[in-house]
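Note sheet for the following structure.
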């Protein structure tokens, strides 16, 4: 489930023309991960460390994806952070745009909930053209159009200190997958409440997003 970076390059029929700018953007990781850099820069990780002696539970924080992109040196007005949900599936393109993040920072692991909005789900393409078809998209300028899809992932890192070998710190879980998360009571309660609030908030969306597929 790689994270990719798209950039707006123009407009066509009142839709944003976006093109693939970085085929792989490092989300998790001790050295290059944009999430950890954001948590450090905003003082969120220090706040989690300060809380630790008084509260053994998770330290919660949330922020829009625009903050994450800006901290990574990308213009949030023109760039979109997109999850490629099925990167290795033949004849299928499934892309989700990340819009908001919630983190639950523990000592050695951090569950993360993402509010995403579908761009294309199970879009059928001719076999062998999957990568070609991801290069250029026509998307609704309203990035929050439609209903949200929530994803829960985790990274193996937190407010504690890493071992001498830092390569795996703040990296994805086993086998490099952003999956297999365990939600203990405090995190499950917070994430579930937020998820339901989001579903109610977007339940009145009058129109589906106007994304247009331009690849046969």
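Residue 168 meets all of the listed conditions (1) more than 18 Å from the chain's Cα centre (by Cα); (2) at pLDDT 90 or above; (3) farther than 30 Å from residue 9 by Cβ but one, namely (2).
Of the residues making up the stretch 180-200, those that are exposed (fewer than 12 other Cβ atoms within 10 Å of the Cβ) and not in a loop (DSSP other than H, G, I, E, B) are 185, 189, 193, 196, 197, 200. Can you name every residue in the stretch 11-32 that is assigned to a strand (DSSP E or B) and farther than 24 Å from residue 130 by Cβ? Hit for the stretch 11-32 is 11, nothing else. Quick check: is even one residue across the stretch 158-167 buried (at least 19 other Cβ atoms within 10 Å of the Cβ) and touching a residue at least 40 places away in the same chain (Cβ under 8 Å)? There is at least one residue in the stretch 158-167 that is buried (at least 19 other Cβ atoms within 10 Å of the Cβ) and touching a residue at least 40 places away in the same chain (Cβ under 8 Å).
For residue 21, indicate whether it is at pLDDT below 95 and either under 26 Å from residue 146 (Cβ atoms) or crowded, with 19+ Cβ neighbours inside 10 Å (or both). Here the answer is no, as residue 21 does not meet what is asked.
For the stretch 144-171, filtering for residues that are assigned to a loop (DSSP other than H, G, I, E, B) and within 26 Å of residue 32 (Cα to Cα) leaves 11.
The values are calculated or read from the model by the stated rules, or taken from the named source; none is laboratory data. None of these values were measured; they are calculated from a predicted model. No Cβ is skipped: glycine too gets one built from the backbone with ideal geometry, and neighbour counts run over all protein chains shown.
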